[in-house]
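This report concerns only the one structure given below.
FYI, it's all coordinate maths here, none of it is from the lab. From a predicted model like this one, the values you see are computed outputs, not experimental measurements. Cβ sites come from the backbone with ideal geometry, for glycine too, and all protein chains shown count toward neighbours.
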Amino acid sequence: MSLETKDIQSMAADFQSYQKGRRLWEQGRVRLYRTDSFWKGEINLQAESEDYRVRLKLSGDRMTEAACSCPDFIPARGLCPHCVAAAFAYLKRYNGATAEVSTTPAARQMLEQYSRQAFSRAMAEQEPEPVELDPVIHLRRRQWSAELKIGRKKKYVVQDLLEFADNCLYHRQTEYGRQLSVRHEKEFFHAKDWPAAELLIKTLVSWRQCLEEGKGSSRLPQLRCLPLNRSNADEFLPCFEGRTVTVEENGENRKVHVVRRDPAPVLSVQQCGSGLSLEMETGLSVLQGEKGLYVADKENIYLCSEDFSREAGIFLVHILTRTFPEYGRLLLSRRDVGEFCGQVLPRLSSFLEINADELNLSDFEPASLKAEFYFDAPSPGCVTCEVFHHYGNISFNPLQPGTLPVELCRNKGQELRISSVAKKYFRYRTEDGKLQIVENDGEIFRLLTEGMAEFASCGEVHQSEAFQKITVEQEPEASLELSFLDGLLEMKLDLGNASPAELRGLLEAYAGKQIFVRRKDGSFLDLRTKKLDRIAELSEELKLEGKKLTGEPLRLPLYRAAELDLLAGKEGVRSREFAQLIRKMKNAGQEEFSVPESLKGVLRDYQKTGYSWLRQLDALGLGGILADEMGLGKTVQVIALLLSEKQPGQQSLIVCPASLVYNWENECHRFAPELTVCSVTGTASERKEKLQEPADVLITSYDLMRRDGEMYQKMFFRFLIVDEAQFIKNWKTQNARAVKSVPSRTRFALTGTPIENRLTELWSIFDFLMPGFLYNERRFREHLEMPILKGQDEHVSGRLNRMVRPFILRRLKSQVLKELPPKLENTVYSKLEGKQKKLYQGSALRLRGMLEKQSEAEFHKERMQVLAELMRLRQICCSPELCFADYDGESAKTEACMELLRTAVSAGHKVLLFSQFTSMLAILRERIEAEQISYFQLTGATPKEERVKLADRFNRESEVQVFLISLKAGGTGLNLTGADLVIHYDPWWNLAAQNQATDRAHRIGQENKVTVYRLIAKDTVEEKILQLQESKRKLAGQVLGDSGLPASRLTREELLKILEET
């Protein structure tokens, strides 16, 4: 009998604790992080809720123990809220309980609004016709206002617009007369009228906010007419565009059309004494909105265009909002006539009809402005400018107030522009009215390169002889000469007309981000043309300074070749040897190298390219990163390299994670049996002895490398290969330091993720491959990593990419799709150690002794017991926890599996993880939860309907990364094409059944290639089963046939062979 809700309630301290605990669970504020099953059905679970730790022990429907770190927990009282929440979390996960959720207020409000909306639509459909709103616009000289009439055929005046808005806001039903009752909702109004109602709602809300803030009266006023002003005219009047509305003016009503076009008013200009009289036709009214102008005449209300509003709006507002007798008339004195005719009238003439009778308005236009600028340089660090304005025969300096004429009509717009240019380039003025720059080379350079053109556009420029000597010249030309000699690069700078000392000064200016250099003679060199940009960048990257820039050739490492080639550009001069070197580096992988005979039929085309790439870099004395995506066969490409360079007395070293040591050994035996391979593992003395063996290839782990560093430092290796190079991504670790200290001729790194978190990880790998290539760590961080991470500097990121590109080969599955088989299969080996190894050996000896004592007849009679013992061996290979409840050691295969999972998940893969033992899946589940990897699980206990739902969700939801599946339960009948990586944790007797499980992902609908990993414990019954399967495949085709290799068909001799040396 299992735990139920009523059991939790009965064990709670009180009903309040039960309710609070249930709410914590419903709100997701509890997390189970460990659940252990024990003998006789006891369960220990640990959880966390509100930062308190909870521990419960369950036995059937009883809770035998409970503890919580919260201050409210008292064992004698019963369960606190956190214990209740943890119990419900367990109940949900393992018993399928469903939380009873209460509807939140927000959700209830949402449902009510939808219900009310549906009701309103239904009611509106029963109405004969929608309600209409008709405005009445009241026109006054200085104020427009509007009232509304509401109704269908008969209209009623809305006595209070704010009350109307309040009714709309709260959807009230209101009567306006005995024959009109209106429900104030959008569905009941004509569509063309509702925007006006929304404007009134906004006005109401704004008015209420003012009251709440204590502005004005404490109560809302009664508002029959809405004043139209700058803030609401742009919203209200366009609501009635294209309609006929009522206008009231001077007590009389008339119908007008609301139209979106400009009026064509007439402006009369007449002589009036010494000035002018400006008069407009009567009968016009104007309102200025925030965005536009609105004009009313006898027939229309005009919604004016943006241009009309901008150019004529100011004039119309001033002339048409005056009271009698000034309405429609403005007077200009003789002094202001010129400004009006010169500045205002040209803008009005495009929109108004100008009637000047016999007046020639051009006679009233002021004299045009002519400006002159006199530049001088009284000393090397000082520049002055004297400004003169000329209006006909009148001239003056605007910076000397005493010289300004009083009666002159001036061009204020043009004078303002000249003043703005002057202030832009000159911050100071002298007492005699001159603009001045003093001891500021930056301002002088800016004036010469930018300001002179602006001053020339404003008037006539004059320059003194001293000023003309301050010239701006372009920076000198320089190019690179590159050659390749005796294994080193040789670089020489062609300085053109510049001396080495001058070039050093220029490069220092570049480094300081300066845009000019001022010479001793006062002239400027303009650095904005970037002619020396490549040289400056090269100087920065290689720290070229001092005597290095004397024009003598500079020797550099070979790995700088590609970088120098790009920096030299088209102008650079390259020797024939250097050009050949660059061609080889660019074509690395394309130049064919002879593949070892035994691998010619094994390597696929893209692997041959990778092999050639490795060979080419090696031939040049360089290293690199083989960064192919997981599953593309980096291992076999390296094995081909090692085999091609096999020579007597020459050793290579492979360093990899401990879980991959035996996998490397097995792959070497498989693809290159000609190579003698030694895995340097075991005790310290055993490892020391193995290092003395004359093997072609040594394989060790990072951990053992760290321990045996002194021995490796005394050796020299042809190749030093680091697999899963992210293990040395932190340059401060002992792993990285140990590996980097081993002497070798050529180094390569293998990793599918060269960069996981920080760019310094890439630096650390290259520091192993080619020390100094990416400079020291501090300089790399300051000059490359930080600008890229903080400033998203594309120039710097491009520079880094340019540097490392020749030394990284990265291929994705999608890029080599045509070269890939439908399915890539790999075997990952792990070796039992410590307690796990002892338990396995003891169980294997017991089974072997049993078999050796049995006759063939006894074997057949006791077959079930034999198979049970064999199952026990396989469980120990998976994890001894499956057989021994008190086992507290590690499992080699579990660690290998978790490492594979971490790598796959970080690379964005979705994984199917199969095991025939559901108890093994439980162990893996806890590890996955500890890693915070999202997952689903499917076992025989999962209902069939739930299985399909889980499969569908796994295919659709990118967040779920791992699917734990019992082989029997999920091996058939499911479509799991969302996965592209399959792990078989333990080998299945029937290989056909195992392949069927793989085909859950590898089937029609799969858009990605599928990689399959089989996890095998080395030197155990698992490895022997694989070997026996291979022999059966060759001899009788039994393994890959439909029948597979059922355990029940194994003979006594086959079982004894399996147990040999395990």
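Just a few scattered comments:
- Computed P(r) (all Cα pairs; segment 589-719; 10 Å bins; percent): 12, 43, 35, 11, 0
- Proximity of backbone amide H atoms, modeled 1.01 Å from N, is registered between Ile699 and Ile654, Cys678, Ser679, Val680 at under 5 Å, excluding neighbours fewer than 5 places apart on the same chain.
- When shorter helices are ignored and each DSSP H run of at least 4 residues is given -39500 (n - 2.57), the per-residue value for the chain at 222 nm works out to -11000 deg cm²/dmol.
- Percent of Cα pairs exceeding the 48 Å cut-off, where the set is the chain: 61 percent
- Between segment 858-893 and segment 244-285, the C-alpha centres lie 104 angstrom from each other.
- Subset of Lys690/Lys714; Lys838/Lys1018; Lys688/Lys714 violating a 19 Å alpha-carbon distance limit: none
- Within the straight-line cut-off of under 12 Å between alpha carbons, the aspartates and glutamates reachable from Lys192 are Glu132, Asp134, Glu241, sequence neighbours fewer than 8 places apart in one chain being disregarded.
- Inter-label distance, nm, simple model (7 Å from Cα along the C-beta direction), Asn229/Lys92: 5.6 nm
- In the chain, a dipole from Cβ-located charges (positive for Lys and Arg, negative for Asp and Glu) runs towards its positive end, and of Phe727, Leu632, Leu845 it is Leu845 whose Cα lies farthest in that direction.
- Of Cys239, Cys878, the sequence from fewest to most neighbouring Cβ atoms within 10 angstrom is Cys239, Cys878.
- Sorted by Cβ density within 10 Å, fewest first, the residues Glu358, Glu931, Glu1007: Glu358, Glu1007, Glu931
- Residues whose amide H lies under 5 Å from that of Phe717, counting only those 5 or more places away or on a different chain, are Ser744, Arg745; hydrogens are built 1.01 Å from N in the peptide plane.
- A simple rule links phi to the HN-Hα coupling: the Karplus curve 6.51 cos²θ - 1.76 cosθ + 1.60 with θ = phi - 60°, which for segment 832-839 gives 5, 9, x, 4, 4, 5, 5, 4 Hz, with x for Gly and Pro.
- Annotation: amide H of Thr827 within the under-5 Å range of Arg1014, sequence separation 5 or more or interchain, hydrogens built in the peptide plane.
- Sequentially through segment 872-886, phi angles give Karplus couplings (6.51, -1.76, 1.60; θ = phi - 60°) of 4, 4, 5, 5, 5, 4, 5, 5, x, 4, 5, 10, 10, 5, 9 Hz, Gly and Pro residues having no value and appearing as x.
- Calculated FRET efficiency, Leu485 to Glu895, Cβ-Cβ distance, R0 = 35 Å: about 0.10 to the nearest 0.05.
- Shape call, segment 593-816: gyration tensor on alpha carbons, a/c limit 1.5: oblate
- For segment 850-912, the Kirkwood estimate of hydrodynamic radius, built from reciprocal distances between every pair of different alpha carbons, is 14.6 Å.
- Lys, Arg +1 and Asp, Glu -1 on Cβ, resulting dipole of segment 125-245 about Cα centre, debye, nearest 20: 600 debye
- Segment 593-816 - charge dipole about Cα centre, Lys and Arg +1 at Cβ, Asp and Glu -1, debye rounded to 20: 500 debye
- Computed 3J(HN,Hα) for segment 282-288, one whole-Hz value per residue from the Karplus formula 6.51 cos²θ - 1.76 cosθ + 1.60 where θ = phi - 60°, is 7, x, 9, 10, 9, 9, 9, glycine and proline marked x.
- Computed magnitude of the charge dipole of the chain (debye, nearest 20; Cβ of K, R +1, Cβ of D, E -1): 2940 debye
- With neighbour counts taken as other beta-carbon atoms within 10 Å, the residues Thr894, Thr5 rank, fewest first, as Thr5, Thr894.
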